[in-house]
Each structure stands twice: as C-alpha cells, then as structure tokens.
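Here the structure is laid out as structure tokens; the discussion comes afterwards.
The values are calculated or read from the model by the stated rules, or taken from the named source; none is laboratory data. Note that the structure is a prediction, hence the values are computed from the model and not measured. When we count neighbours, we look across all protein chains shown, and the Cβ atoms used for this are built from the backbone with ideal geometry, even at glycine.
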Amino acid sequence: MFNIRVLILLLVLLLGILFVYLHHEWRPTSFIPQTNTHRDRLSAEVTVNQIFHLVAPDHLKYKQPSIVHGRTDVVTLAPWLAPVIWEGTFNPVLLDSIYQSKNITVAATVFAVGKYIRFLKKFLETAERFFFVGFRVNIYVFTDRPKEVPRVQMSAGRKVVVHSVPSSDRWQEISARRMELIQNLIEEVQNSTDYIFCLDVDSEFHGRWGSESLGGLVAVIHPGYYRDDRGRFPYERRPASRAYVADGEGDFYYCGGAFGGLLQEVHLLAKTCHLNFKADAEEGIEAAWQEESHLNRYMWINKPSKILSPEYLWQDFKPRNPEIHIIRFSGVVKNYADIRPNV
Ligand code: UD2
C-alpha cells in the first residue's frame with residue numbers, strides 16, 4: 001500500500017517536472033516571449049533569444065536581397081566582421097518588423113549644460129521625427145537649467161525625462177563627466193530599458209536613425225577623419241595617459257558625440273572610461289579629447305560589434321562626400337566662444 005502511494009507520488013512528480021521542462025524549453029520559437037523579463041541586465045544575463053533570435057513576420061513582402069549586388073563604393077565589414085552601416089545596406093521595413101516584435105525600449109542621453117540648452121529644442125523635435133520612430137523611446141536630458149527644458153510634443157510610448165546636474169565653469173569637465181552620469185543612469189533604468197545611445201545636444205536629426213543601429217557595442221565613425229591615415233587620428237598620444245594609443249595602432253577614429261548599444265555593454269564602456277579619466281586626473285593628465293580619447297582607447301581593445309558610418313554623425317559645416325547618400329544626424333555650426341563657459 002505504502003509502496004503504491006510512493007510510486008504514484010513519484011509519478012506525479014515526474015510528470016510535473018516533464019511538463020515544466022517541455023513548457024519552458026521546447027516551446028516553438030514563435031511562442032517565446034519577445035519582451036524582456038525584469039532581470040538584472042547588467043549581470044550579462046540577457047537571453048540569447050533577446051539579442052540574436054531574429055523573427056520576421058510571415059508573409060512580409062520586401063525586395064529580394066542579393067549577395068552579388070550592393071554598395072561597392074564603401075567598406076561594409078570591419079576586419080573583425082562587424083557590419084558597417086551605410087544607406088543601401090539594410091532594409092528598414094524588415095528590420096523594424098523584426099525589432100518591433102521584441103517590444104524593446106531604447107534610451108537616449110543628451111547633456112544640455114549652461115548655454116547648450118539652446119540646442120535642446122531642435123534636438124528633441126528632430127528626434128521625435130527621426131529617432132526610432134514607432135518604438136518606445138525615453139530621452140534623458142541632463143541639465144543645470146531644468147526650467148528651460150522646452151516642451152516638445154512626443155507621441156505615445158515616447159517621453160523626455162529631465163535630470164538635474166550641477167553646472168561647471170569648464171566645458172572639458174562637462175563633456176567628460178558624462179561617462180559617470182551615463183553609468184549611473186544605466187544602473188537606474190536597467191530593468192526597463194534594452195538599448196541606449198549617448199548623443200551630443202548640439203546636433204539635429206535629418207534622416208532615419210532606427211533599428212539598423214542596434215547592436216552590442218555600437219560606435220560611430222567620426223566624419224572628420226575617416227579618409228585619413230591612422231597616424232593623423234587625434235588619439236591621445238602621451239603614454240602616461242590611460243587613453244594612450246600608440247603610433248601605428250587603432251582601427252578607426254570614433255565620435256565621442258554618438259555611441260551606444262546594449263545596456264550592459266555601454267555600462268562597461270562608461271564605467272571604464274570614467275575610472276580611467278579619474279585616474280588620469282589624479283595624476284594631473286587630461287586626455288587630448290577628454291572622454292572621446294578614452295572611448296577610442298576602449299574601442300581599440302573592445303571592438304564594437306556594429307559600426308555606424310559617418311551618416312550617423314556628420315557636421316553641418318562639411319560638404320557632403322559622394323559616399324554619404326543620406327545625413328541622418330549632424331552637428332550644427334556653433335560659435336565656441338559664445339556658448340562655452342571657458343575657452
Ligand atoms: C567633440 C565631440 C564631443 C566630445 C568633445 C570632447 C563629436 C561630434 N563631438 O565635440 O562628443 O567628445 O569633442 O570633449 O564627436 N556640453 C554642454 N555644455 C557645455 C559643453 C558641453 O552641455 O558647456 C555637452 C553637450 O551635450 C555637447 C557635449 O557636451 O554636445 C560635447 O561638447 P562640445 O559639443 O562642445 O564638444 P566638441 O564640439 O568639441
């Protein structure tokens with residue numbers, strides 16, 4: 001009698017385990033929830049499914065892809081096989097439908113300290129028109145003038161969140177301090193955000209910037225140096241600095257004004273750059289281009305998994321080169337003497 005009870009109990013237990021196992025592990029991929037669970041993303045436990053499993057809607061009609069016809073005027077792969085994103089290399093409709101089913105949230109950070117607040121309105125208005133349209137977007141504005149943040153109408157699922165920061169009488173400090181604040185923000189929003197992009201405020205969007213830019217660690221090629229020999233890149237050249245890049249080293253020159261990726265990747269980048277900047281400062285060194293120099297050093301060792309072409313950060317004063325078929329985001333012309341707290 002006793003043995004039969006134990007046997008039945010064991011059978012029920014086994015059936016239970018089998019049910020849980022089948023239910024969780026063997027569900028067809030189309031039933032796997034595409035949304036994020038509220039897990040600690042900084043612990044690098046983002047599921048493989050969340051990042052790599054790309055599900056396209058059935059019956060979606062789009063232009064046939066080709067592996068023999070495409071852009072030939074530009075390089076679309078880095079030597080470590082990270083894609084370089086140019087107009088004409090991706091299908092925006094296909095990509096949007098893949099990423100929309102993942103139900104992702106994208107954050108953007110922008111700093112508007114002191115007189116730079118004047119650039120914020122255009123930045124926000126154009127972000128609303130071009131930046132991840134149709135996705136859930138939170139734009140985090142860091143400013144010492146919260147009362148002057150313009151009211152910009154955002155569509156459903158998109159919002160501006162204002163964070164107060166102290167002002168500074170040195171622009172170099174404002175620019176460099178961003179890494180620490182980005183690191184703190186990521187720790188704050190890690191359970192509700194998937195990707196983050198960190199952008200300069202003195203810039204405007206002119207064209208689509210969307211799901212094609214999503215990746216682990218995402219860097220943007222600086223528009224000023226991409227045709228140059230690396231010997232001319234303005235890396236930090238003093239070995240005493242933690243941002244040092246030796247002669248004959250370095251892949252590309254990346255922008256400090258735009259970078260991003262998955263939350264935990266950007267967290268590691270921001271934390272590392274902040275710590276290295278601080279350690280340099282304690283020894284009386286400030287890298288040539290502040291956090292941009294540290295970012296370039298970081299990306300030399302930690303290769304970006306996706307590279308955005310200079311379409312993603314042009315400069316208004318530069319005439320458009322023939323390989324630039326679209327300008328998506330561009331720095332406005334500014335009078336440094338007029339807007340910076342120091343020269
Ligand atoms: C380059 C980089 C910038 C940064 C800097 C070196 C690009 C396009 N720009 O730009 O990202 O790496 O070199 O430090 O790659 N800011 C304020 N208030 C200030 C000063 C700066 O809010 O008084 C913020 C603001 O968001 C601005 C950013 O810091 O967009 C960078 O400062 P910048 O635009 O003056 O630096 P710039 O043009 O030398």
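On the basis of being loosely packed, with under 15 Cβ neighbours inside 10 Å, modelled with pLDDT of 95 or more and either under 21 Å from the mean Cα position of the chain (by Cα) or not hydrophobic (A, V, I, L, M, F, W, C) (or both), does Pro92 make the cut? Full working, then the answer.
Numbers: loosely packed, with under 15 Cβ neighbours inside 10 Å: yes; modelled with pLDDT of 95 or more: yes; either under 21 Å from the mean Cα position of the chain (by Cα) or not hydrophobic (A, V, I, L, M, F, W, C) (or both): yes.
Here the answer is yes, as Pro92 does meet what is asked.
Test Phe119 against the stated conditions and say whether it is within 16 Å of the ligand (Cβ to nearest atom) and of a type in the set (Phe, Trp, Tyr).
Details: within 16 Å of the ligand (Cβ to nearest atom): yes; of a type in the set (Phe, Trp, Tyr): yes.
It is true that Phe119 is within 16 Å of the ligand (Cβ to nearest atom) and of a type in the set (Phe, Trp, Tyr).
Just to be sure, is Ile182 aliphatic (A, V, I, L, M) and either within 25 Å of Glu87 (Cβ to Cβ) or within 10 Å of the ligand (Cβ to nearest atom) (or both)? Explain how you work it out, then say what you get.
Details: aliphatic (A, V, I, L, M): yes; either within 25 Å of Glu87 (Cβ to Cβ) or within 10 Å of the ligand (Cβ to nearest atom) (or both): no.
No: the conditions fail for Ile182.
Pairs under 7 Å by beta carbon, first residue on the phi > 0 side of the Ramachandran plot in segment 100-111, partner surrounded by fewer than 19 Cβ atoms within 10 Å (Cβ to Cβ), six or more apart or different chains?
Asn103/Gln34; Asn103/Thr35
From the set of residues in segment 122-139 that are assigned to a helix (DSSP H, G or I) and within 30 Å of His59 (Cβ to Cβ), which is nearest to the ligand (Cβ to nearest atom)? Give the steps one after another, and end with the answer.
At the first step, the residues of segment 122-139 found to be assigned to a helix (DSSP H, G or I) are 122-130.
The next check asks that each one be within 30 Å of His59 (Cβ to Cβ); those that pass are 129-130.
Details: Arg129: 19, Phe130: 17 Å.
Result: Phe130.
Could you identify the single residue in Asp247, Asp200, Asp229 that is surrounded by fewer than 24 Cβ atoms within 10 Å (Cβ to Cβ), modelled with pLDDT of 95 or more and under 25 Å from Phe119 (Cα atoms)? Talk me through it step by step, then tell me what you get.
Working: Asp247 fails: under 25 Å from Phe119 (Cα atoms); Asp229 fails: under 25 Å from Phe119 (Cα atoms).
Unique residue meeting the criteria: Asp200.
All but one of (1) part of a helix (DSSP H, G or I); (2) within 16 Å of the ligand (Cβ to nearest atom) hold for Thr109; state the number of the condition that does not hold.
Of (1) part of a helix (DSSP H, G or I); (2) within 16 Å of the ligand (Cβ to nearest atom), only one is false for Thr109: (1).
Going by what's in this entry, would Tyr244 be described as in contact with an Asp or Glu (Cβ under 6 Å, 6 or more places away or on another chain) and farther than 30 Å from Asn138 by Cβ? Step through it out loud before you land on a result.
On the way: in contact with an Asp or Glu (Cβ under 6 Å, 6 or more places away or on another chain): yes; farther than 30 Å from Asn138 by Cβ: yes.
Taking the combined requirement at face value, the residue satisfies it.
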